[in-house]
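Everything on this sheet refers to the single structure shown next.
The values are calculated or read from the model by the stated rules, or taken from the named source; none is laboratory data. Predicted model, so just to flag it, every value in this text is computed and none were measured. Here the Cβ positions follow ideal geometry from the backbone for every residue, glycine too, while neighbour counts run over all protein chains shown.
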There are 2 protein chains.
Amino acid sequence: MRSDLAIAQAANKTPILKLAPAKADIPEDALEPFGRYKAKLSLDYIRSLQNRPNGKLILVTAISPTPAGEGKTTTTVGLGDALNHIGKRAMICLREPSLGPVFGMKGGAAGGGMAQVVPMEDINLHFTGDFNAIALANNLLAALIDNHIHHGNKLQFDVRRITWRRVVDLNDRALRQIVVGLGGTANGFPREDHFDIVVASEVMAIFCLVNNLQDLKERLGDIVVGHSLSGKPIRARDLQAQGAMAALLKEALAPNIVQTLENNLALVHGGPFANIAHGCNSVLATSTALKLADYVVTEAGFGADLGAEKFLDIKCRKAGLTPSAVVLVATVRALKYHGGVEVKDVGVENLKALRAGLVNLERHIHNIQHNFGLPCVVAINHRTEDTPAEIALLKSTAAALGVEVVLAEHWAKGGPGAADLAHAVVKLCEQPNHFKFLYEDDASLLEKVGTIAIKTYGADGISCDAKVRAQFAQLEADGYGHLPVCIAKTQYSFSSDAKLRGAPSGHTLVIREVRLAAGAGFVVVVCGDIMTMPGLPVIPAANGIDINENGEITGLS
Amino acid sequence: MRSDLAIAQAANKTPILKLAPAKADIPEDALEPFGRYKAKLSLDYIRSLQNRPNGKLILVTAISPTPAGEGKTTTTVGLGDALNHIGKRAMICLREPSLGPVFGMKGGAAGGGMAQVVPMEDINLHFTGDFNAIALANNLLAALIDNHIHHGNKLQFDVRRITWRRVVDLNDRALRQIVVGLGGTANGFPREDHFDIVVASEVMAIFCLVNNLQDLKERLGDIVVGHSLSGKPIRARDLQAQGAMAALLKEALAPNIVQTLENNLALVHGGPFANIAHGCNSVLATSTALKLADYVVTEAGFGADLGAEKFLDIKCRKAGLTPSAVVLVATVRALKYHGGVEVKDVGVENLKALRAGLVNLERHIHNIQHNFGLPCVVAINHRTEDTPAEIALLKSTAAALGVEVVLAEHWAKGGPGAADLAHAVVKLCEQPNHFKFLYEDDASLLEKVGTIAIKTYGADGISCDAKVRAQFAQLEADGYGHLPVCIAKTQYSFSSDAKLRGAPSGHTLVIREVRLAAGAGFVVVVCGDIMTMPGLPVIPAANGIDINENGEITGLS
């Protein structure tokens, strides 16, 4: 069997300056090429599209993730190809991969099998430099903070209360907790500091939520980087950082356009973390694709409890988007895992485990339909070992909920393999749509968290200590009460206990900590240990990556 | 007077995919575009040029730098334009700017006035992402080191003797000396660490000295990152890092091609520090330009004692290059500063100070002519306040040394302003050339340093303590004795005392420390406090940089 990389390298790619005009009537001068197969869509061109009608927005989300694998990005790409295959003008919107997983364990994020975006190596390595621009903007702000303190600390920073962290786009556990400014007076004032991975930067979240450069600069200025000795918040604007930061991000802000293996267009742009941020590609990419295509297929991070909820309650709310349909991705293997089977055994037929695991899928379906009023379809990312009895059980269970289950074989067959899914999605987009947010802006912050916990996670309620309550009260007093909340908890369970598979209930969501993302415009509610700087495994993927004298890369996955 | 940025933004640029074929017969498919005005020359194409004859190589260097300014990059660009102006096929090779000075004090490095390479904002900000690729390759290696230790430390790293540092392309003094790995067992083992600016990374030096990808990977593998508890050197190869590092650098390794304000071609590629590294653009760019043009104008960092010496003894030695002529850049202001006048007074005619300061120029001329056997010309980067008497004194002094002095007005007038210089250089290239290195490979390391100190710096000799002597002996025992030496000392004086202007003699070069750059292939000899992570000033340039809603950047200099 060919590797994803081998398939991608054999792709018959069309130069992007030819493809984009042919497929989406994008004029050549709206494209800034980066090599032959990547380009950026100019912000001027995007502005010119403003008055066009929007296409249909389709969200691809999934059951709670398992080590057995679901294939959300692969399904997003496959569905986009399939829609084009059945004659629709469709475009795909994806997040950009981070180098952390590329060199760590998980691998890249450009799809898999016959459903990939290409050039795979470029997309997974530097792509067009967006993450580097975000890292530099983030780290420039950090350097300006310490430089300000070094040169007299006029703003009276309390060095114990600086919340702005430096970032790097690598898994590097040694940088999680550090002390900077050592070595004497020439090197500034010592203080505790931390590095996060780039996708965890608030600059990334802001980048993915803005509409234009002006908006970007404003929000960068709004970032709260720490507090003064008298407890006053200090913002990036107080350091006159936002102009240089926005200048660094100018080029990056233009969405990237590439193609699938089947020469259909995909916008791949931005990639905020799905725990402490909202986990989906940029608003600019999504809203642009909606002007250029009749169907836009996009995905959100993790399972539907986190990814879809944030996509709908944060991104759609802020960008004024209304999805037309939701695709819930599952695999038979993963459902059996949710039913209690261990990974090594998920390849064996097990109807009892499948039935037990289906509760996870059922709750996600319920949430999409009832919490958000959206039509949905279940896509089973098909594997050869799935048995007819298992598929039958899946179909009958979903039918009882009034939801169609479609087998999708895009991984093996590309777009044609997901034609049934495409037809189902087109039909779904014509169904009545009663999209609503899970909570209104004017609910209190605690009410918002409570609503999510009870309605989405199946919790009995929430709990937090007096300190956290006081933080919520302070945020509301400071005028941040209207913001949406962004819950950071484990992605592996509806609860905050990663080990509780299926659809746990009766649990309590314990809020440990609250963080304001004033620039991004949401309040992060931390429920559990959230890792914002991953580590590398015993044998990092980096060890297996190589390049030969002809520039051919091997070992990327 | 228009700012450099305003001049650059008003440039009448030609799309690079049109310009490169028109000016240098570069086929369009040899170019990987990055936007409309930047491209990379494919490595395949570069390989195909191998058997072409070389053009003439012209090195632009300068007197010892002063706060009054000399304008080396500006002269390099102006001379390139002037050679084209007088009908020669000429190309320019420059280093890429670092963001440290851009956001700090010095500003960018794309030339000035009417002698600039464009697009200025892009070149000074991210350009084509090369520095980011270098930073990531450097930092991946660092992460692999700490990860290896965390997961059992099979190689038995002595955490006190890890010499590999992390890097960022910003001035950030708080990162000069840090402690990483704090916070308990999950975060690895605590140890002292340091960040350097990207241009100080050995990856940068290697990048600028290799001929192809294979060479790059080999040399990356050779990097010594630290020592084991038993004192054995540990290399990047021992961590299986070189394949992934080279994959990260694949795209970056292809030289960048841009244009001057006068639509002449320039290769801008790589930019190692001129103190702990060799301070000139990549060998790949220079050797490619020599295949594409009859005249190639390039520059080296700092004054001729450091920059030209390293260009000739390290870069030319390793790449097998022979320069045809050397241009020594000076300003009347800077020479008066060397003669003892303070910066605020250098605008006033002062023949006595000029005469006193000319000793600096004279020694540099002597070094070029006698140490290296190369013909040279002095270019006076002309300013309106220079008086006829001052110019006459300059000319007569140089004439006595058999060297022509040419006034160059490229800053105000572009290429036509430096036509005299261009003619002088063309003539110089026809003169007999007795190029020789300052020392031979088989001299001992200490002899090499001594030769440079005495012959170039005018020192009486060198001194070092027993520890340094033992280090030299160990390096020779380990098989590194044949390497060239790379002296890291202040650029402001021939001596290692920054305050000694002019042409001091009788001093002793004190060697403080020796570092092996096993991948780059030289031995760094540290003579003084060498800053590898600068800091930001009280009012960083970043504070004045802005961008408006149309994407127009202001405040870059």
Of (1) surrounded by fewer than 24 Cβ atoms within 10 Å (Cβ to Cβ); (2) out of contact with any strand residue (DSSP E or B) (no Cβ under 9 Å at 6 or more places or on another chain); (3) within 14 Å of another protein chain (Cβ to nearest Cβ), A:ASN263 fails just (3)
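Residue-wise test of (1) more than 18 Å from B:VAL523 (Cα to Cα); (2) away from every other protein chain (no Cβ under 11 Å); (3) not in a loop (DSSP other than H, G, I, E, B).
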| position | (1), (2), (3) |
| --- | --- |
| B:VAL203 | no, yes, yes |
| B:ILE206 | no, yes, yes |
| B:LEU209 | no, yes, no |
| B:ARG219 | no, yes, yes |
| B:HIS227 | no, yes, yes |
| B:SER230 | yes, yes, no |
| B:GLY243 | yes, no, yes |
With the first residue restricted to region B:262-278 and required to be at positive phi, and the second required to be surrounded by fewer than 24 Cβ atoms within 10 Å (Cβ to Cβ) and aliphatic (A, V, I, L, M), Cβ contacts under 7 Å at 6 or more apart or on different chains are B:ASN263/B:LEU19
- Query: Is there a residue being within 25 Å of the chain's Cα centre (by Cα), surrounded by fewer than 17 Cβ atoms within 10 Å (Cβ to Cβ) and not in a helix (DSSP H, G or I) anywhere in region A:343-362?
  - Reply: no
A careful count of residues in region B:536-549 that are facing chain A (nearest Cβ under 7 Å), surrounded by 20 or more Cβ atoms within 10 Å (Cβ to Cβ) and either over 15 Å from B:LYS106 (Cβ atoms) or not β-branched (Val, Ile, Thr) (or both) gives 4
When B:ARG469 is run through (1) in a loop (DSSP other than H, G, I, E, B); (2) more than 14 Å from chain A (Cβ to nearest Cβ), the failure sits at (1)
When restricted to B:LEU556, B:LEU536, the only residue in contact with a Phe, Trp or Tyr (Cβ under 8 Å, 6 or more places away or on another chain), in a loop (DSSP other than H, G, I, E, B), within 30 Å of A:LEU253 (Cβ to Cβ) and touching a residue at least 12 places away in the same chain (Cβ under 8 Å) is B:LEU536
Exercise. Examine region B:323-337 for a residue that is surrounded by fewer than 18 Cβ atoms within 10 Å (Cβ to Cβ) and either of a type in the set (Lys, Arg) or under 28 Å from the mean Cα position of the chain (by Cα) (or both), and state whether such a residue exists.
Key: no
If we keep only residues of region B:1-30 that are among the polar types (S, T, N, Q) and assigned to a loop (DSSP other than H, G, I, E, B), then the residue modelled with the lowest pLDDT is B:SER3
Over region A:439-483, the set of residues of a type in the set (S, T, N, Q) and under 24 Å from A:ARG235 (Cα atoms) is A:GLN471, A:GLN474
| query | Would you say A:ARG89 is more than 14 Å from chain B (Cβ to nearest Cβ) and either hydrophobic (A, V, I, L, M, F, W, C) or under 16 Å from A:ALA266 (Cα atoms) (or both)? | reply | yes
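Okay, residues lined up against (1) within 25 Å of A:ALA186 (Cβ to Cβ); (2) facing chain A (nearest Cβ under 9 Å):
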| residue | (1), (2) |
| --- | --- |
| B:MET105 | yes, no |
| B:GLY112 | no, no |
| B:VAL118 | no, no |
| B:GLY129 | no, yes |
| B:THR163 | yes, no |
| B:LEU170 | yes, yes |
| B:ARG173 | yes, yes |
| B:GLY181 | yes, yes |
Subset of region A:158-177, residues more than 27 Å from A:ALA252 (Cα to Cα) and either buried (at least 24 other Cβ atoms within 10 Å of the Cβ) or under 21 Å from the mean Cα position of the chain (by Cα) (or both), comes to A:ALA174
Fill in: Boolean, A:GLY104 is assigned by TED's automatic domain parsing to the domain that holds A:GLY78, more than 30 Å from A:LEU421 (Cα to Cα), touching a residue at least 60 places away in the same chain (Cβ under 8 Å) and within 21 Å of the chain's Cα centre (by Cα)
yes
*Quick one: would you say B:ILE134 is closer than 24 Å to A:LEU141 by Cβ, out of contact with any strand residue (DSSP E or B) (no Cβ under 6 Å at 6 or more places or on another chain) and more than 9 Å from chain A (Cβ to nearest Cβ)?*
yes
Notebook entry, point to check: Hey, does region B:76-83 have a residue that's out of contact with any strand residue (DSSP E or B) (no Cβ under 9 Å at 6 or more places or on another chain) and among the charged types (D, E, K, R)?
Noted result: no
Counting only residues in region B:288-309 that are in a helix (DSSP H, G or I) and in contact with a helix residue (DSSP H, G or I) (Cβ under 6 Å, 6 or more places away or on another chain), the one surrounded by the fewest Cβ atoms within 10 Å (Cβ to Cβ) is identified as B:LEU292
For region B:150-161, the count of residues that are more than 8 Å from chain A (Cβ to nearest Cβ) and either touching a His at 6+ places or on another chain (Cβ under 6 Å) or on the phi < 0 side of the Ramachandran plot (or both) equals 7
Exactly one of B:GLY108, B:GLY87 is surrounded by fewer than 23 Cβ atoms within 10 Å (Cβ to Cβ) and not in a helix (DSSP H, G or I), and that one is B:GLY87
Scanning region B:31-60 residue by residue, those away from chain A (no Cβ under 13 Å) and in a helix (DSSP H, G or I) turn out to be B:SER48
Residues in region B:424-441 that are in a helix (DSSP H, G or I) and surrounded by fewer than 15 Cβ atoms within 10 Å (Cβ to Cβ) total 1
Restricted to region A:389-413 and to residues being in a helix (DSSP H, G or I) and free of Cβ contacts under 8 Å to residues at least 40 places away in the same chain, the residue nearest to the chain's Cα centre (by Cα) is A:ALA398
Conditions (1) facing another protein chain (nearest Cβ under 9 Å); (2) under 29 Å from the mean Cα position of the chain (by Cα); (3) among the aliphatic types (A, V, I, L, M); (4) over 27 Å from A:LYS310 (Cα atoms) -> A:ILE234 fails only (1)
Taking region A:164-178 and keeping residues in contact with a strand residue (DSSP E or B) (Cβ under 8 Å, 6 or more places away or on another chain) and either in contact (Cβ under 8 Å) with a residue 24 or more places away in the chain or assigned to a loop (DSSP other than H, G, I, E, B) (or both) leaves A:TRP164, A:ARG165, A:ARG166, A:VAL167, A:VAL168, A:ASP169, A:LEU170, A:ASN171, A:ASP172, A:LEU175, A:ARG176, A:GLN177
Note to self: Any residue that is within 14 Å of another protein chain (Cβ to nearest Cβ) and more than 24 Å from the chain's Cα centre (by Cα) - is there at least one of those in region A:505-523?
What the structure shows: no
* To do: Return yes or no: is B:ASP81 assigned to a helix (DSSP H, G or I), of a type in the set (D, E, K, R), in the same structural domain as B:ILE368 (by TED's automatic domain parsing) and surrounded by fewer than 24 Cβ atoms within 10 Å (Cβ to Cβ)?
  => no
